[in-house]
There are 2 protein chains.
Amino acid sequence: MGSVGTALAEMTMPQISPLAGEPIERADAERLAGVLKALADPARLRLLSLIQAAPDGEACVADLTSPLGLSQPTVSHHLRILTESGLLEREKRGVWAYYRLVPASIATIADLLTPPRKRATKRAR
Amino acid sequence: MGSVGTALAEMTMPQISPLAGEPIERADAERLAGVLKALADPARLRLLSLIQAAPDGEACVADLTSPLGLSQPTVSHHLRILTESGLLEREKRGVWAYYRLVPASIATIADLLTPPRKRATKRAR
DNA sequence: TGCTGATATGCAGGCGGGTCGATGCTGTTG
DNA sequence: CAACAGCATCGACCCGCCTGCATATCAGCA
């Protein structure tokens with residue numbers, strides 16, 4: 001396991017909003033940008049949308065290639081990026097790999113992007 | 001003026017959420033991805049953060065180059081992208097160009113990314 | 001055991017984007 | 001009017017990413 005691409009969905013979800021209080025630092029900006037980069041792709045947005053709208057809120061790769069019009073390796077690639085960003089979770093049942101949303105992650109991003117109008121931003125310290 | 005890069009901040013703000021209801025279409029995905037691409041950059045996130053934290057909620061280019069550690073043309077480039085995405089607005093006073101946030105735009109993005117947990121999402125059909 | 005099907009990975013091509021230096025433009029100042 | 005300062009644009013370089021093809025891996029099945 002000396003390689004690089006395994007189990008990194010840990011430090012992905014940032015905590016500091018760029019829209020509340022003092023300017024964010026470089027490291028926080030890069031982490032938030034990383035998750036936003038995962039979102040900022042039409043194919044991946046459609047993947048999230050397709051999975052969310054799937055019968056049980058889950059879908060496997062074969063169900064997604066046709067609606068997207070992309071090849072199977074490309075779809076796997078996008079699903080991998082979304083999973084490593086913490087936006088999707090993967091469960092392998094038999095030969096199929098089922099992907100489903102992680103609502104908390106997306107909610108966190110939405111929260112960070114919400115200006116301090118209605119959210120309290122928890123400035124309680 | 002037959003060029004391409006002028007006054008495009010019109011069809012930028014999307015309306016359809018990828019996380020509520022039926023799958024989004026390709027065009028909507030591309031528009032939302034466009035705005036997210038504008039956000040998905042550390043320098044631009046820090047720019048938004050710096051402007052938001054500025055004394056009157058506004059800042060000019062010269063105030064932003066030093067904290068970012070980027071050259072003035074690069075900062076102008078990022079500000080241009082943010083402005084064309086509808087996230088910033090520009091007001092030129094004399095020689096200075098003052099940029100400020102457009103909270104409604106960012107709130108729209110945050111709203112589209114909010115899963116139908118707390119938001120009503122208008123599932124009325 | 002050997003085969004088929006579903007998924008992941010390697011590799012390569014092509015395009016878009018971030019960055020900087022140089023330059024042009026405009027408004028201010030002496 | 002001349003010099004200067006702030007900002008935008010241009011051209012260029014380089015890196016990362018999206019995509020597909022080929023291939024490897026793994027589970028189920030005859």
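Quick notes
- Residues (of a type outside the set (S, T, N, Q), in contact (Cβ under 8 Å) with a residue 12 or more places away in the chain and either touching a Ser or Thr at 6+ places or on another chain (Cβ under 7 Å) or at the interface with chain A (Cβ under 8 Å from one of its Cβ atoms) (or both)) located in region B:12-30: B:MET13, B:PRO18, B:LEU19, B:ALA20, B:GLY21
- Flag for A:LEU112 being facing chain B (nearest Cβ under 10 Å) and either modelled with pLDDT of 95 or more or more than 22 Å from B:ASP41 (Cα to Cα) (or both): no
- Selected residue (criterion: nearest to A:ALA110 (Cα to Cα)) from residues of region B:42-63 that are within 12 Å of DNA strand C (Cβ to nearest atom) and either out of contact with any Lys or Arg (no Cβ under 8 Å at 6 or more places or on another chain) or among the hydroxyl-bearing types (Ser, Thr, Tyr) (or both): B:LEU45
- Filter pass, A:ALA97 being buried (at least 18 other Cβ atoms within 10 Å of the Cβ) and in contact with a helix residue (DSSP H, G or I) (Cβ under 8 Å, 6 or more places away or on another chain): no
Conditions tested, residue by residue: (1) more than 10 Å from DNA strand D (Cβ to nearest atom); (2) away from chain B (no Cβ under 12 Å); (3) farther than 18 Å from A:LYS37 by Cα; (4) part of a strand (DSSP E or B).
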| position | (1), (2), (3), (4) |
| --- | --- |
| A:ALA59 | yes, no, yes, yes |
| A:LEU64 | yes, no, yes, no |
| A:LEU70 | no, no, yes, no |
| A:THR74 | no, yes, no, no |
| A:HIS77 | no, yes, no, no |
| A:THR83 | yes, yes, no, no |
| A:GLY86 | yes, yes, no, no |
| A:ARG90 | yes, yes, yes, yes |
| A:ALA97 | yes, yes, yes, yes |
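- Filtered residues of region B:31-57 (kept if of a type in the set (A, V, I, L, M, F, W, C) and either more than 7 Å from chain A (Cβ to nearest Cβ) or within 15 Å of DNA strand D (Cβ to nearest atom) (or both)): B:LEU32, B:ALA33, B:VAL35, B:LEU36, B:ALA38, B:LEU39, B:ALA40, B:ALA43, B:LEU47, B:LEU50, B:ILE51, B:ALA54
The values are calculated or read from the model by the stated rules, or taken from the named source; none is laboratory data. This is a predicted model, so every value here is computed, not measured. Note: ideal-geometry Cβ built from the backbone for every residue, glycine included; neighbour counts use all protein chains shown.
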